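The values are calculated or read from the model by the stated rules, or taken from the named source; none is laboratory data. All of these numbers come straight from a predicted model, not from anything done at the bench. For neighbour counting, all protein chains shown are included, and Cβ atoms are generated from backbone atoms with ideal geometry for every residue, glycine included. Just the protein is used for accessible areas: all its heavy atoms, side chains included, with ligands, DNA and RNA removed. Shrake-Rupley method; radii C 1.70, N 1.55, O 1.52, S 1.80 Å.
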Amino acid sequence: QVQLVESGGGLVQPGGSLRLSCTGSGSIFSLYTMTWYRQPPGKQRELVASITSGGITTYGDSVKGRFTISRDNAKSTVYLQSNSPKPEDTAVYSCSARLSNYEYWGQGTQVTVSS
């Protein structure tokens, strides 16, 4: 089992810098595929980015070229960064850890992109 805690949300200026962290505990973090999801207000949850245990990354179409996912297994942490956030990136961001048929979720963190 994995416990996940997200951090780094809050108010971000359009075109500013966004960096979210998701730290895991309780299991072998390096084995898990880590994924960031988001749910904008009034909309369905969508995949933002994913990174496998081997470091292969996948991005949602709406964030390609703007967001970067990375992981530091020594710190049991996955990161999501953007240097060009837009107001439409406003959402609750959640991370998940998946291994075989098991998936664990964090509680989510609110990101608001606004001037």
Report in % the part of the accessible area of the chain that belongs to carbon and sulfur, leaving out ligands and nucleic acids; probe 1.4 Å.
47 percent
Relative to the Cα centre, what is the charge dipole magnitude of the chain, using +1 at the beta carbon of each Lys and Arg, -1 at the beta carbon of each Asp and Glu, and rounding to the nearest 20 debye?
80 debye
For region 67-115, build the convex hull from the C-alpha positions and give me its volume per residue in Å³.
105 Å³
Output the relative contact order of the chain, whole-number percent, from Cα pairs under 8 angstrom with separation of 6+ residues.
37 percent
Spin-label model distance (nm) - residue 39 vs residue 58, 7 Å beyond Cα toward Cβ
2.1 nm
Kirkwood-based Rg over Rh for region 45-91 (C-alpha set), two decimals?
0.98
Under a 1.4 Å probe, what is the accessible area of region 8-89 per residue, stated in Å²?
52 Å²
In nm, give the distance between the simple-model label positions of residue 102 and residue 27, each being 7 Å from the Cα along the Cα-to-Cβ direction.
0.4 nm
Can you tell me, using C-alpha contacts under 8 Å and at least 6 residues apart, the relative contact order of region 37-78 as a whole percent?
27 percent
The lysines whose Cα lies under 21 Å from the Cα of residue 86, excluding any fewer than 8 residues away in the same chain, are 43, 64
Taking the convex hull of Cα positions in the chain, its mean projected area over all directions (nm²)
6.7 nm²
If you build a Gaussian network model of the chain, linking Cα atoms that sit under 10 Å apart, which residue out of 54, 26, 42 swings the most?
42
Would you work out which of 77, 111, 60 lies farthest towards the positive end of the dipole of region 57-115, given +1 charges on the beta-carbon of Lys and Arg and -1 on that of Asp and Glu, about the Cα centre?
77
What distance in nm separates the simple spin-label points at residue 46 and residue 83, each placed 7 Å from Cα in the Cβ direction?
2.3 nm
